[in-house]
Amino acid sequence: MLFKNSDTAATPPMGWNSYDYYDTTVTEAAVRANAEVMARELRPYGWQYVVVDIQWYARDAGTRRQEYQYIPFGDHAMDEYGRLQPDPARFPSSAGGRGFGPLADYIHSLGLKFGIHIMRGIPRAAAHRHLPVHGTAYTAADLADYASICGWNPDMYGVRAGHPAAQAYYDDLIALYAAWGVDFIKCDDIANTNIYPHAPYSGKAEIEYLHNAILHSGRDIVLSLSPGPALIEQAWHYAQNANMWRITDDLWDKWADVRAMFDRCELWQNHVAPGAFPDCDMLPLGRIGAGFGPGAERDTRLTRDEQKTVVTLWCLFGSPLMLGAELTRLDEWTKSLVTNREVLRLLPPSYRPRQFAKDEAGCVWTCTGPADETGAPERYIACFNFTDAPRAMAADTGAVQAFWPAGPAAQARELWTGETLALPGGRLVCTVAPHGAALFRLV
């Protein structure tokens with residue numbers, strides 16, 4: 001097995017993903033429009049990836065949304081080798097066998113990077129038609145593992161582990177994506193193959209095939225693995241083969257989902273490193289839900305305090321940041337959340353966060369960063385309130401002396417409001433809103 005270069009995504013990737021707003025129905029026009037907003041409004045703050053999510057190859061995507069999210073054995077665009085292609089009706093620039101090349105070129109012209117979603121394995125339609133595997137003497141029917149399927153998407157069979165053409169298949173697929181100019185691949189049904197509770201990591205070999213194929217391609221491509229929850233006992237394997245892996249199932253705009261993320265971050269906090277990031281999933285902020293059927297489009301249901309909690313935790317923990325909002329309808333509040341430079345500053349692995357205390361009512365995290373101009377490391381404390389009422393929270397800086405030594409003149413500045421607090425007796429005392437967060441830097 002080859003090993004990945006941690007220079008690819010040395011810091012958590014930041015971008016936009018089409019899923020939360022468009023589900024399976026995103027179009028080229030929508031991708032271009034969202035990319036233009038990102039380039040103009042968000043790129044100066046580090047946002048750079050534009051990712052086309054699931055079923056870009058489906059000609060009938062969304063046409064039976066009241067019955068199916070993924071139409072069983074739907075009409076998919078593919079070439080003579082069974083390689084899925086963008087639906088030319090939704091992605092007109094792909095016509096004539098050009099794939100995502102023209103769209104990737106446009107995204108790159110904006111100073112951004114381009115990504116796509118794929119499913120683990122080989123298309124079922126290619127196997128049923130015995131289409132040849134490009135560059136090999138085998139067909140898709142030879143390569144397909146008919147006992148390895150996805151429990152929620154009917155498009156693919158797994159690839160047979162150990163088959164002589166398995167690596168060649170993935171090499172060819174990734175070479176095609178590299179030729180298109182793809183910079184980011186989100187592979188689904190692979191981080192946790194949850195249809196098989198006795199074998200939740202049955203995609204292990206395919207993770208390695210994908211990883212090796214990216215290295216063979218010669219292109220820097222971020223590899224993201226979904227869905228979660230990722231398996232903590234496989235932390236080393238994820239880190240050796242991928243740049244990010246989901247530690248949760250789909251996260252939506254519900255407080256229960258956000259609250260559960262604190263437990264997952266506690267579990268994974270020691271596994272954040274350059275080029276290797278446990279992923280808390282997309283940010284369900286702004287305007288979302290339009291592709292999920294009549295009446296599903298909405299502004300996020302998270303309160304403003306809950307939204308601050310999400311961004312604070314994701315940045316403090318060091319998770320990749322993928323916006324789910326429709327960026328052409330980006331409101332000033334959401335923009336303010338995702339362009340706070342002082343909060344975004346905490347993302348790199350050089351900032352070392354740790355959960356310091358946690359109970360049913362809330363938790364406290366501490367963080368140290370690189371040395372500042374005085375030679376002292378940056379120091380932060382975050383207080384999170386899990387309760388449904390405002391709550392006074394206190395952090396005794398003496399108790400966290402290793403992280404946050406506070407002299408008699410020390411003050412703490414809250415990074416969302418800009419408010420500066422004195423620290424009488426070395427104690428930080430603040431009131432945190434229901435489901436809210438307060439993030440302080442020692443000054």
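The values are calculated or read from the model by the stated rules, or taken from the named source; none is laboratory data. Nothing here was measured: the structure is a model prediction, and the numbers come from that model. Cβ sites come from the backbone with ideal geometry, for glycine too, and all protein chains shown count toward neighbours.
One line per residue, one yes/no per condition, for (1) aliphatic (A, V, I, L, M); (2) more than 19 Å from Leu251 (Cβ to Cβ); (3) in contact with a strand residue (DSSP E or B) (Cβ under 7 Å, 6 or more places away or on another chain):
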residue	(1), (2), (3)
Arg301	no, no, no
Cys315	no, no, no
Gly318	no, no, yes
Leu347	yes, no, no
Arg354	no, yes, yes
Glu360	no, yes, no
Val364	yes, yes, yes
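Check off (1) at pLDDT below 95; (2) under 26 Å from Gly218 (Cα atoms); (3) among the hydroxyl-bearing types (Ser, Thr, Tyr) for Tyr106 and give me the number that stays unchecked.
Of everything listed in (1) at pLDDT below 95; (2) under 26 Å from Gly218 (Cα atoms); (3) among the hydroxyl-bearing types (Ser, Thr, Tyr), Tyr106 misses just condition (1).
Tally the residues that are part of a strand (DSSP E or B), farther than 10 Å from Met322 by Cβ and not hydrophobic (A, V, I, L, M, F, W, C), restricting the search to segment 269-285.
So the answer is 1.
The rows are residues; the columns are (1) charged (D, E, K, R); (2) at positive phi.
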site	(1), (2)
Arg129	yes, no
Ile149	no, no
Pro164	no, no
Tyr169	no, no
Asp183	yes, no
Asp189	yes, yes
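Name the pairs whose Cβ atoms lie under 7 Å apart, with the first residue in segment 100-118 and free of Cβ contacts under 8 Å to residues at least 40 places away in the same chain, the second surrounded by fewer than 19 Cβ atoms within 10 Å (Cβ to Cβ) and of a type in the set (Gly, Ala, Ser), and 6 or more positions between them or separate chains?
Cβ pairs passing all conditions: Pro102/Ser93.
Residues checked against (1) touching a Pro at 6+ places or on another chain (Cβ under 9 Å); (2) within 26 Å of Ala290 (Cα to Cα); (3) in contact (Cβ under 8 Å) with a residue 60 or more places away in the chain; (4) not acidic (Asp, Glu):
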residue: Tyr57; (1), (2), (3), (4): yes, yes, no, yes
residue: Thr63; (1), (2), (3), (4): no, yes, no, yes
residue: Ala77; (1), (2), (3), (4): yes, yes, no, yes
residue: Leu84; (1), (2), (3), (4): yes, yes, no, yes
residue: Pro123; (1), (2), (3), (4): no, no, no, yes
residue: Ala127; (1), (2), (3), (4): no, no, no, yes
residue: Ser148; (1), (2), (3), (4): no, no, no, yes
residue: Gly151; (1), (2), (3), (4): no, yes, no, yes
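So, of the residues in segment 131-190 that are polar (S, T, N, Q) and part of a strand (DSSP E or B), which turns out to be farthest from the chain's Cα centre (by Cα)?
Going through the qualifying residues, I end up with Thr139.
Check segment 9-18 and report whether any residue there is at pLDDT below 95, in a loop (DSSP other than H, G, I, E, B) and either crowded, with 18+ Cβ neighbours inside 10 Å or over 17 Å from the mean Cα position of the chain (by Cα) (or both).
Yes, because at least one residue in segment 9-18 is at pLDDT below 95, in a loop (DSSP other than H, G, I, E, B) and either crowded, with 18+ Cβ neighbours inside 10 Å or over 17 Å from the mean Cα position of the chain (by Cα) (or both).
Return the pair list, or none, for Cβ contacts closer than 6 Å from residues in segment 20-39 that are in a helix (DSSP H, G or I) to residues that are among the small types (Gly, Ala, Ser) and surrounded by 24 or more Cβ atoms within 10 Å (Cβ to Cβ), at least 6 apart or on different chains.
Between residues of segment 20-39 that are in a helix (DSSP H, G or I) and residues that are among the small types (Gly, Ala, Ser) and surrounded by 24 or more Cβ atoms within 10 Å (Cβ to Cβ), the close pairs are Asp20/Gly324.
Looking only at residues that are among the charged types (D, E, K, R) and surrounded by fewer than 18 Cβ atoms within 10 Å (Cβ to Cβ) in segment 122-171, which one is farthest from Tyr196 (Cα to Cα)?
Checking each candidate, the answer is Arg129.
For the condition over 21 Å from Ser226 (Cα atoms), among the aromatic types (Phe, Trp, Tyr) and surrounded by 15 or more Cβ atoms within 10 Å (Cβ to Cβ), what is the one hit in Phe114, Phe100?
Phe100
Looking at segment 53-64, is at least one residue more than 18 Å from the chain's Cα centre (by Cα), crowded, with 16+ Cβ neighbours inside 10 Å and among the polar types (S, T, N, Q)?
No, segment 53-64 has no match at all.
Of the numbered conditions (1) in a loop (DSSP other than H, G, I, E, B); (2) surrounded by fewer than 22 Cβ atoms within 10 Å (Cβ to Cβ), Thr193 fails exactly one; give the number of that condition.
(2)
Could you give every pair whose Cβ atoms fall below 6 Å, whose first residue belongs to segment 221-242 and is of a type in the set (Gly, Ala, Ser), and whose second residue is part of a helix (DSSP H, G or I), counting only separations of at least 6 or pairs across chains?
Note: pairs meeting the criteria are Ala235/His271.
Out of segment 256-291, which residues are more than 17 Å from the chain's Cα centre (by Cα) and closer than 24 Å to Thr339 by Cβ?
Within segment 256-291, Arg287, Gly289, Ala290 qualify.
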